[in-house]
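A short worksheet on the structure shown next.
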Amino acid sequence: MWNYEKRLQYPVKITQTNPKIAQIIITQFGGPDGELAASMRYLAQRYTMPYNEVTGTLTDIGTEELAHLEMICAIVHQLTRNLTPEEIEKYGFDKYYVDHTLALWPQAASGAPWTATYFQSKGDPITDLHEDMAAEQKARTTYDNILRLVKDPEICDPIRFLRKREIVHYQRFGESLRIVQEHLDSKNFYAINPEFDIRQTCDCPQHK
Amino acid sequence: MSECPCRKELLNQINEASFAVDDVKLYLNTHPWDDEALVYFQEYSRIRNEALKEYAKHYGPLTIDTASLSCEEQWDWIDAPWPWQEGGC
């Protein structure tokens with residue numbers, strides 16, 4: 001289960017609206033390499049993960065991604081709050097506005113809706129951790145691309161924080177992959193799939 | 001009652017200590033034998049919990065576990081601004 005904490009992981013205080021940049025940044029909410037897909041990917045993959053270090057990593061990074069999703073939504077909200085119909089037209093926000101007014105909805109910068117096909121949960125730890133490492137790098141590139149377009153320091157500051165977290169998560173998933181491989185046959189990592197070929201047994205004292 | 005601490009300073013302290021906890025928690029998951037990291041976790045976890053309690057007493061709760069410290073007379077979980085709003089955390 002989860003408890004809500006009534007604060008952002010890193011502060012977002014944007015004083016100037018900018019609906020044009022909001023339409024770019026929203027891709028990190030509902031786009032292919034965004035925070036929603038990241039969180040769902042890790043939280044979905046953890047149930048069949050047989051190693052505690054890796055299950056913990058998927059759980060805690062999947063949870064942190066929810067906090068990042070909240071920061072992205074706060075940024076988009078603060079960039080679009082109190083817009084007038086004139087501003088909506090002038091900055092090309094009309095196509096989003098007609099369907100969602102000023103509410104948040106998970107979509108890519110292109111307007112494509114969020115979909116579960118943005119991630120995989122394959123049930124093989126080597127495969128899933130390679131996907132997770134790639135996902136962190138793709139999100140890092142997206143933040144780098146955003147930073148080339150954004151000039152407002154009030155927007156850049158939280159985006160830089162999020163970019164740095166992608167690098168830390170990549171590191172932790174790399175360590176997770178090493179831990180998985182240490183459990184496997186060093187002459188052939190692919191001899192078995194430990195999420196399928198090793199049957200999980202219950203260690204609880206009452207079942208011994 | 002103790003002197004009212006500055007809201008901004010207290011919030012900074014919560015954010016910094018919470019970040020230290022978030023970061024070292026991920027490190028400890030893949031390095032559970034690292035005693036130095038464990039001591040670091042314990043120190044910042046203590047700072048975070050104390051600051052959250054102090055904040056709740058003066059400015060309302062940020063977590064449900066500290067809500068009982070400030071809402072003895074009335075339910076105040078919904079009173080302070082939400083994090084994305086002006087004046088939010």
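Numbers for the structure displayed
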| read-out | value |
| --- | --- |
| Count of segment B:28-51 residues which are under 30 Å from residue A:176 (Cβ atoms) and open to solvent by less than 70 Å² (accessible area, probe 1.4 Å) | 11 |
| Checking residue A:162 against (1) outside any helix (DSSP H, G or I); (2) open to solvent by less than 20 Å² (accessible area, probe 1.4 Å), the condition it does not meet | (1) |
| Cβ-Cβ under 6 Å pairs, at least 6 apart or on other chains, segment B:1-19 side within 17 Å of residue B:87 (Cβ to Cβ), far side at pLDDT below 95 and in a loop (DSSP other than H, G, I, E, B) | B:11/B:89 |
| Whichever residue in segment B:8-21 is within 10 Å of the chain's Cα centre (by Cα) and open to solvent by 80 Å² or more (accessible area, probe 1.4 Å) and, among such residues, is nearest to the other protein chains (Cβ to nearest Cβ) | B:16 |
| Among the candidates B:34, B:76, residue that is in contact (Cβ under 8 Å) with a residue 12 or more places away in the chain and more than 9 Å from every other protein chain (Cβ to nearest Cβ) | B:76 |
| Those residues of segment A:98-123 which are more than 16 Å from residue A:30 (Cα to Cα) and surrounded by fewer than 17 Cβ atoms within 10 Å (Cβ to Cβ), in sequence order | A:98, A:101, A:122, A:123 |
| Residue in segment A:98-113 that is over 13 Å from the mean Cα position of the chain (by Cα), charged (D, E, K, R) and either part of a helix (DSSP H, G or I) or at negative phi (or both) present | yes |
| Matching entry among A:127, A:55 (being in contact with a Lys or Arg (Cβ under 7 Å, 6 or more places away or on another chain), without any contact (Cβ under 8 Å) to a residue 12 or more places away in the chain and either surrounded by 17 or more Cβ atoms within 10 Å (Cβ to Cβ) or away from chain B (no Cβ under 12 Å) (or both)) | A:55 |
| Index of the failed condition, residue B:24 passing every other in (1) aliphatic (A, V, I, L, M); (2) under 22 Å from residue A:4 (Cβ atoms); (3) within 12 Å of chain A (Cβ to nearest Cβ) | (2) |
| Check on residue B:86, farther than 30 Å from residue A:81 by Cα and not polar (S, T, N, Q) | no |
| Residue A:42 being modelled with pLDDT of 95 or more and open to solvent by less than 10 Å² (accessible area, probe 1.4 Å) | yes |
| Some residue of segment A:173-191 being among the charged types (D, E, K, R), assigned to a helix (DSSP H, G or I) and in contact with a Leu (Cβ under 7 Å, 6 or more places away or on another chain) | no |
| The listed residue being over 11 Å from the mean Cα position of the chain (by Cα) and within 11 Å of chain A (Cβ to nearest Cβ), out of B:55, B:59, B:40 | B:59 |
| In segment A:1-26, the residues that are open to solvent by less than 20 Å² (accessible area, probe 1.4 Å) and either in contact (Cβ under 8 Å) with a residue 24 or more places away in the chain or not charged (D, E, K, R) (or both) | A:8, A:9, A:12, A:14, A:19, A:22, A:25, A:26 |
| Pairs with Cβ under 6 Å, 6+ apart, first in segment A:59-75 and more than 9 Å from every other protein chain (Cβ to nearest Cβ), second among the hydroxyl-bearing types (Ser, Thr, Tyr) and surrounded by 20 or more Cβ atoms within 10 Å (Cβ to Cβ) | A:62/A:39; A:62/A:42; A:65/A:39; A:66/A:39 |
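Yes or no, residue by residue, for (1) polar (S, T, N, Q); (2) closer than 15 Å to residue B:13 by Cα:
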residue	(1), (2)
B:49	yes, yes
B:52	no, yes
B:56	no, yes
B:64	no, no
B:69	no, no
B:75	no, no
B:80	no, no
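The values are calculated or read from the model by the stated rules, or taken from the named source; none is laboratory data. It should be emphasised that the depicted structure is a prediction, and the values quoted were computed from it without experimental measurement. Note that we place each Cβ from the backbone using ideal geometry, even for glycine, and neighbour counts take in every protein chain shown. To get the accessible areas, we keep the full protein, side chains included, count just its heavy atoms, and leave off ligands, DNA and RNA. Shrake-Rupley method; radii C 1.70, N 1.55, O 1.52, S 1.80 Å.
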